[in-house]
Amino acid sequence: MLTKTLTRIGAATTLVLIASPVLTGCSTSKNKADTLYVARDVSTLYNSGKARLDRGQYKLAAALFDEVERQHPYSPWARRAQLMSAFSYYMNRDYPESIAASQRFLSIHTGNKDAPYAYYLIALCYYEQIADVTRDQKITQQAMDSLGELIRRYPDTRYAADARLKVDLVNDHLAGKEMELGRFYQRRGQWLAATLRFRTVVDKYQTTTHTPEALERLVESYLSLGIPVEAQKAAAVLGRNYPGTKWYERSYKLMQQHPVKS
């Protein structure tokens, strides 16, 4: 989803979001030695974390950046390390840890110039966990909420620009879930419940790819409920906006078979 994003952390650190292979050459004992609590100066800790990050050892890098914050909580390096830790967890796909680190940064540095990036990381963590439409969509809604917050708070940033593009996909995903439920109710003959789902798509997600089918399904459901006038209205909207689709052809045939009596 995300192939490359650049951001500056603090005064001199640049993060590049690229897919990197995880190196496995270091032994477990050496990795543990890197993160054992030993009082070290802040630059040594930070640079060790950055070196691990550059080598694709994201989990170890995150642990080292966390150690910067623990050992030197009041230094300027601690602020940078918080975001670097969040980024490292994100690259390792430890999404809950990345979200927690980003939120911790925001709780302490709300007005910091890197706050938009922290909000962006949170949104990405939810966005990249979006499941298929047959599963619960809680994560999808959390992605939508996080993307929306980023857009509201920092509308002119490049992060908001990318967030707007992702909102379209999230909306399509949520609409797909409504359609999946609506078709389920249709198969069971629960026409009123199906109608409510399809209306949600038409009213709330009208710019998504699911709208033509939702309108046609409304025609079917209204006819099954015995209210052809409403079916005719849905078919008319479908004809005006999507005249060349198979969904309009189907609704047209249905209305020919069930004409509205004047």
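The values are calculated or read from the model by the stated rules, or taken from the named source; none is laboratory data. None of the values given here were measured: they were computed from a predicted structure. Positions of Cβ are generated from backbone atoms using ideal geometry, with glycine treated the same way; all protein chains shown enter the neighbour counts. For accessibility, only protein heavy atoms count, side chains too; no ligands or nucleic acids. Shrake-Rupley method; radii C 1.70, N 1.55, O 1.52, S 1.80 Å.
With respect to (1) under 26 Å from residue 213 (Cβ atoms); (2) open to solvent by less than 30 Å² (accessible area, probe 1.4 Å), the lone exception for residue 160 is condition (1). Could you look through the stretch 116-142, keep only residues that are open to solvent by less than 40 Å² (accessible area, probe 1.4 Å) and either out of contact with any helix residue (DSSP H, G or I) (no Cβ under 6 Å at 6 or more places or on another chain) or among the basic types (Lys, Arg) (or both), and pick out the one that is nearest to residue 58 (Cα to Cα)? Restricting to residues being open to solvent by less than 40 Å² (accessible area, probe 1.4 Å) and either out of contact with any helix residue (DSSP H, G or I) (no Cβ under 6 Å at 6 or more places or on another chain) or among the basic types (Lys, Arg) (or both), the top hit is 124.
Going residue by residue through the stretch 233-249, is there one that turns out to be under 30 Å from the mean Cα position of the chain (by Cα), of a type in the set (Val, Ile, Thr) and part of a helix (DSSP H, G or I)? No: zero hits. Go through (1) hydroxyl-bearing (Ser, Thr, Tyr); (2) open to solvent by 50 Å² or more (accessible area, probe 1.4 Å); (3) touching a residue at least 24 places away in the same chain (Cβ under 8 Å) one by one and return the number of the condition residue 211 breaks. Failed condition: (2). So residue 93 fits all but one of (1) on the phi > 0 side of the Ramachandran plot; (2) open to solvent by less than 10 Å² (accessible area, probe 1.4 Å); what number is the exception? Of (1) on the phi > 0 side of the Ramachandran plot; (2) open to solvent by less than 10 Å² (accessible area, probe 1.4 Å), only one is false for residue 93: (2). Comparison of 48, 98 shows that the only residue that is in contact (Cβ under 8 Å) with a residue 12 or more places away in the chain, open to solvent by 20 Å² or more (accessible area, probe 1.4 Å), part of a helix (DSSP H, G or I) and out of contact with any Pro (no Cβ under 9 Å at 6 or more places or on another chain) is 48. Among the residues of this structure, residue 2 does not count as one that is outside any loop (DSSP other than H, G, I, E, B), modelled with pLDDT under 50, under 29 Å from the mean Cα position of the chain (by Cα) and of a type outside the set (Phe, Trp, Tyr).
Every residue, every condition in (1) among the hydrophobic types (A, V, I, L, M, F, W, C); (2) in contact with a Phe, Trp or Tyr (Cβ under 6 Å, 6 or more places away or on another chain), yes or no:
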position: 46; (1), (2): no, yes
position: 49; (1), (2): no, yes
position: 61; (1), (2): yes, no
position: 65; (1), (2): yes, no
position: 76; (1), (2): no, no
position: 83; (1), (2): yes, yes
position: 93; (1), (2): no, no
position: 99; (1), (2): yes, no
